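To start, the structure itself, in structure tokens.
The values are calculated or read from the model by the stated rules, or taken from the named source; none is laboratory data. Remember, predicted model here, so these are calculated numbers, not experimental data. So basically every Cβ, Gly included, is an ideal-geometry build from the backbone, and we count neighbours across all protein chains shown.
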Amino acid sequence: MTILIGCAHGTRDEQGQETIHRLVEDIRTALPGKEVREAYVDVHGPFVADVVAEVAAEESCSAVVVPLLLAGGYHVYHDIGEAVKDRADVVAAPALGPDPRLIDIVMDRIREAHIPDTATLILAAAGSSDPRSQADTEAAAEMLRARWSGPVRIGYAAGIHPTVDDAVADARANGEDFEVAVASFLLAPGFFQKRLTESGADHVTEPLAPHPRLVEIVLDRYRDAGGS
């Protein structure tokens, strides 16, 4: 049996926790007869290293850790990477992004927020100093630019520049006198989403989860890494 371990960041926000629980339940529903476990890299447990150790101690079990994270970075390459290191029967899949289906969800959220197609979009990610994470966010922004008629910028909720606040202010300062919208590139509600709502933008979209396309990506990551 190959267990799917869905590994999210972790949040103290109750709505954010419920959103991740719902995503994991949706994954379970999509994998009837398979075991799906939940893990986290930060804030609260069960922590991924502990869940991986439990699986490794069980007879005749293997596992794929699927990062419920939108970009690669420290948590994917260090936290999850260290958890599966030297584990013969536990492997890690890549992060969920970049993937064009994530942009499908972003576009759905934009439509739900009734954002005019003349608006400047700020694609707002959590932020990481890891260049691999930044490259994944840049790739996502390029995918969004291919589908949006107006300008698309990047802003980060924490960690690095440009911040979302700076990106919104800069768009207005540079003569972009149409509406400015923040397109959340976050998985669930929580501290970072609250930062987006305080950015001064005319519109802010909801996070990506829950959404059936997310489940599709998770299942693809699981199967591509050897899950069956």
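Which residues, taken from segment 38-51, are out of contact with any Lys or Arg (no Cβ under 9 Å at 6 or more places or on another chain) and surrounded by 19 or more Cβ atoms within 10 Å (Cβ to Cβ)?
Hits for segment 38-51 are E38, A39, Y40, V41, V48.
Can you name every residue in segment 102-115 that is under 14 Å from G150 (Cα atoms) and in contact with a His (Cβ under 9 Å, 6 or more places away or on another chain)?
Passing the criteria: I110, I115.
Looking at A188, A171 in this structure, which one is within 21 Å of V76 (Cβ to Cβ) and either touching a strand residue (DSSP E or B) at 6+ places or on another chain (Cβ under 8 Å) or at pLDDT 95 or above (or both)?
Of the residues listed, the single one that is within 21 Å of V76 (Cβ to Cβ) and either touching a strand residue (DSSP E or B) at 6+ places or on another chain (Cβ under 8 Å) or at pLDDT 95 or above (or both) is A188.
In segment 129-155, which residue that is part of a loop (DSSP other than H, G, I, E, B) and polar (S, T, N, Q) is nearest to the chain's Cα centre (by Cα)?
Of everything passing the filter in segment 129-155, S129 is nearest to the chain's Cα centre (by Cα).
So if I check each of S62, S133, S129, which one is buried (at least 20 other Cβ atoms within 10 Å of the Cβ) and in contact (Cβ under 8 Å) with a residue 12 or more places away in the chain?
S133
What's the number of the only condition in (1) without any contact (Cβ under 8 Å) to a residue 60 or more places away in the chain; (2) within 12 Å of the chain's Cα centre (by Cα) that V84 fails to meet?
Only one criterion in (1) without any contact (Cβ under 8 Å) to a residue 60 or more places away in the chain; (2) within 12 Å of the chain's Cα centre (by Cα) is unmet by V84, namely (2).
With the condition kept exactly as written, say whether any residue in segment 111-123 is touching a residue at least 24 places away in the same chain (Cβ under 8 Å), hydroxyl-bearing (S, T, Y) and touching a helix residue (DSSP H, G or I) at 6+ places or on another chain (Cβ under 6 Å).
yes
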